[in-house]
Amino acid sequence: MIELKNINISFGKKECIKNGHFKAYPYQITSIIGESGTGKSSLLYLIAMLTSKSCKYYYNGKLLEFNEKDKSNFRNKEISFISQDSILIDTISVEENIKLYLQMSKSNYTVDDLLKEINLQDKKHAMPNNLSGGERQRVALACAIAKDSKIILGDEITSALDDENKKIVTKILRKCANQGKIVILVSHEDNIIENSDRIYRIEHLELILEKETSINSNTNSEVDNRNNTSCFRIFKNLFYSNKKYNLRRLLISVVVMSFIFLSALIFVTSNKKLNNENYSTNNLSINKLLAVSDESGFFHQIDGQLGCSIHFIENQEPLDTSIINQLNNLDHIKKSYDYYTFNYSMSSGNGIFENMTIKVFRDNKEILKRSNENTISVDKDYPFSIIPFFPEDEFVSNDSGIYVNSNMAYYYNIEVGDILELEINVPYAMLELNSQETSTFDDNIKAKTYYPVSCLGNKVPYKDKVIGIIDSNSQLDNEVYLHHSIMEKMINEQVEKYQKNEIEINYNIFEGYSSIMDLKPYAKAIFVDKKENVLKVQNDINEISDAVFAYNEYQSILELENNSEQIKNDTIKLAIVCILIIVTGVIIIEIFYLKKYKSTYMMLKLIGYSEKKKNKIFIIHGLYQGLIILCTAMIVYIIGSIPLIIALKTKENILLVRSSFPDFYNTFTGYAVFSWQHFIFFTCILGLILIISHFGMKVFYDRIDTIKWLRGK
């Protein structure tokens, strides 16, 4: 039995019920009637423990003095409430709505049984928004029956029904009462009033008992032990089963993660343009210039088409002495060196071109080079050049030893620690042709005549340990790096032998078409004092004469650095804006997504779930959404990385990718490293958004007054 004493209900200054007294018994239908605005629904909310209006509440003769937590627990165990608008959870189907209540009870009903009782078998898989008002009322009644509570409260639950369905609903309510339940209804319907056992009318601030029928049975004071439904089962009903919203969430996650994937790729691409020195030449000084003799005009005419770098020099015209003197007098030069390269093929004293050779030893065993199959080289050997490095270069070590570039390491299977046995072409004299040639590189530039110059060299054995591998900037250049002092010593030894006539030279071969000259430097390695002065020194050198060309492999970078700070600032601002757009967009999407679950959260409050249980359900929901985002991100990143994964299957394939699509390879290699940092960062950001959004919406929903929500305010 329910008994309320000293009932006082008012709205602001308007009183509705004053010192009222209300009783309702099991096995009976009790109706509350009266004019609109007299407080009928407010009395029902008081009985449902949804409000804290002043009264004394007795249940089965026991005075209940509950706090909010106790009220929720009582509502969860003892009360089924059917609102005037027949509120259902809009994001799940009719079937899942009923299942949610069935899980809370020990009822033997099934979903099909209940749908049959309310004559809605064909609406099992329908969404609540697709139901008419009358259909929603019947589904809400089915949910109340499914919960199998001892108290059923209904607010105008037949207002949208036709006469036939009113009879069906009345019959169901009578059946519930006959099972010993307390049925309390607010209604204007004659059909309900006529079938009521007790009728209270609210009139002139009084709660008047108009009709009373004898009680059919004694009440049972025992509290029903209901099923304690697990949070995971509730989550499965409320969220996991909602395929429509889960699909939408998945699509949103794919779009967001694809955008992040592309942003990482774009960032790496643009970052490459500003920082391309990080690839291939990261061990050479940015302050270094090569001043190359250019009698032929070759370098001037291909300026702007040099690619990343030129290390070895094939057109060895000697630098004029006057040019060298002017170079030495330029400002901002920290140090300069004579620059020679040992080229793969060089003419010997008998006129025969000799090629350098290399043998690789590891643990006293010779390591064979790769075969020519599936490579870009068609020669029997892989041509290579010997390049000097200097103390000012940013190598790991300037100690004695050999560096090779990554191409060289690949083709000859070289690893750090291997021993290389080389036969090196060391120049000792220069050979100038007597006949002039005309440079015809570019129709837009005036042709230039010059005397071609090459070097005479002698093969010198050299053996040393590999102490480092340098990233290559080209798939065509194989390079071995020796300390300049070692190369200078080799040259001096061979020049001395040449001057002492210890090197056999067949002058008859060269007589008539060429002249043999003493070896002179054909380039200077110049180190500038400061990075900011490199471009100035480069321009000063190029203004000395057309016969000298100053080249810096970082020229494009240095030109950009005049605006680099602004570019970096703009990039940072753009990155911040993009992140804010992504974050704001995701928050908006998340809020709209969670707004769909407003009815879910409010229904959980109405049903009487505790704060702890509601929090658990929404935490599980948040983790589930986070798992969707994480899995989606992984899939997007893996799909995006497929080209590189395929390429890495074999070294031959990666070589083909590198040689055929160098820009793609460079960008994607950088991306492969960077993208996972990008991924982790944005996954953390999105996780934070989920937490903030879920927490914010929970706080917002907690502040919503249940009564106002039921009234649609």
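The values are calculated or read from the model by the stated rules, or taken from the named source; none is laboratory data. Bear in mind the structure is a predicted one, so any value in this text is a computation, not a measurement. We place every Cβ from the backbone using ideal geometry, glycine too, and count neighbours over all the protein chains shown.
Exactly one residue out of Ile118, Ile92, Ile47 is over 16 Å from Ile2 (Cα atoms), β-branched (Val, Ile, Thr) and in contact (Cβ under 8 Å) with a residue 60 or more places away in the chain, and it is Ile92.
Candidates Lys536, Lys520, Lys497: the one that is more than 27 Å from Ser296 (Cα to Cα) and assigned by TED's automatic domain parsing to the domain that holds Thr321 is Lys497.
Looking only at the range 491-513, filter to residues that are surrounded by 17 or more Cβ atoms within 10 Å (Cβ to Cβ) and assigned to a helix (DSSP H, G or I); which one of those is farthest from the chain's Cα centre (by Cα)? Reasoning before the result, please.
Restricting attention to the range 491-513, the residues satisfying the condition of being surrounded by 17 or more Cβ atoms within 10 Å (Cβ to Cβ) are 491, 494-495, 498, 503, 505, 510.
If we keep only those that are assigned to a helix (DSSP H, G or I) too, we end up with 491, 494-495, 498, 510.
Values: Ile491: 56, Gln494: 60, Val495: 61, Tyr498: 65, Phe510: 67 Å.
Among them, the one singled out is Phe510.
Return yes or no: is Lys335 at pLDDT 90 or above and surrounded by 14 or more Cβ atoms within 10 Å (Cβ to Cβ)? Spelling it out, Lys335 is indeed at pLDDT 90 or above and surrounded by 14 or more Cβ atoms within 10 Å (Cβ to Cβ). So in the range 338-367, with the set limited to residues that are in a loop (DSSP other than H, G, I, E, B) and among the hydrophobic types (A, V, I, L, M, F, W, C), which one is surrounded by the fewest Cβ atoms within 10 Å (Cβ to Cβ)? Across the range 338-367, the extreme among qualifying residues is Ile352. Here the condition is being modelled with pLDDT of 90 or more and out of contact with any strand residue (DSSP E or B) (no Cβ under 6 Å at 6 or more places or on another chain); of Lys359, Lys365, it holds for Lys365 alone.
Table: residues versus (1) buried (at least 20 other Cβ atoms within 10 Å of the Cβ); (2) assigned by TED's automatic domain parsing to the domain that holds His204; (3) within 16 Å of Leu185 (Cβ to Cβ); (4) polar (S, T, N, Q).
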residue: Asn6; (1), (2), (3), (4): no, yes, no, yes
residue: Gly12; (1), (2), (3), (4): no, yes, no, no
residue: Gly20; (1), (2), (3), (4): yes, yes, no, no
residue: Ala24; (1), (2), (3), (4): yes, yes, yes, no
residue: Gln28; (1), (2), (3), (4): yes, yes, yes, yes
residue: Gly37; (1), (2), (3), (4): no, yes, no, no
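Of all the criteria given as (1) assigned to a loop (DSSP other than H, G, I, E, B); (2) surrounded by fewer than 21 Cβ atoms within 10 Å (Cβ to Cβ), the one not satisfied by Glu488 is (1). Scanning the range 18-50 for residues that are under 27 Å from Asn73 (Cα atoms), hydrophobic (A, V, I, L, M, F, W, C) and over 56 Å from the mean Cα position of the chain (by Cα) returns Phe22, Ala24, Ile29, Ile32.
Say whether the condition of being free of Cβ contacts under 8 Å to residues at least 60 places away in the same chain, in a loop (DSSP other than H, G, I, E, B), acidic (Asp, Glu) and touching a Ser or Thr at 6+ places or on another chain (Cβ under 7 Å) is met by at least one residue in the range 169-190. Among the residues of the range 169-190, at least one is free of Cβ contacts under 8 Å to residues at least 60 places away in the same chain, in a loop (DSSP other than H, G, I, E, B), acidic (Asp, Glu) and touching a Ser or Thr at 6+ places or on another chain (Cβ under 7 Å), which makes the answer yes.
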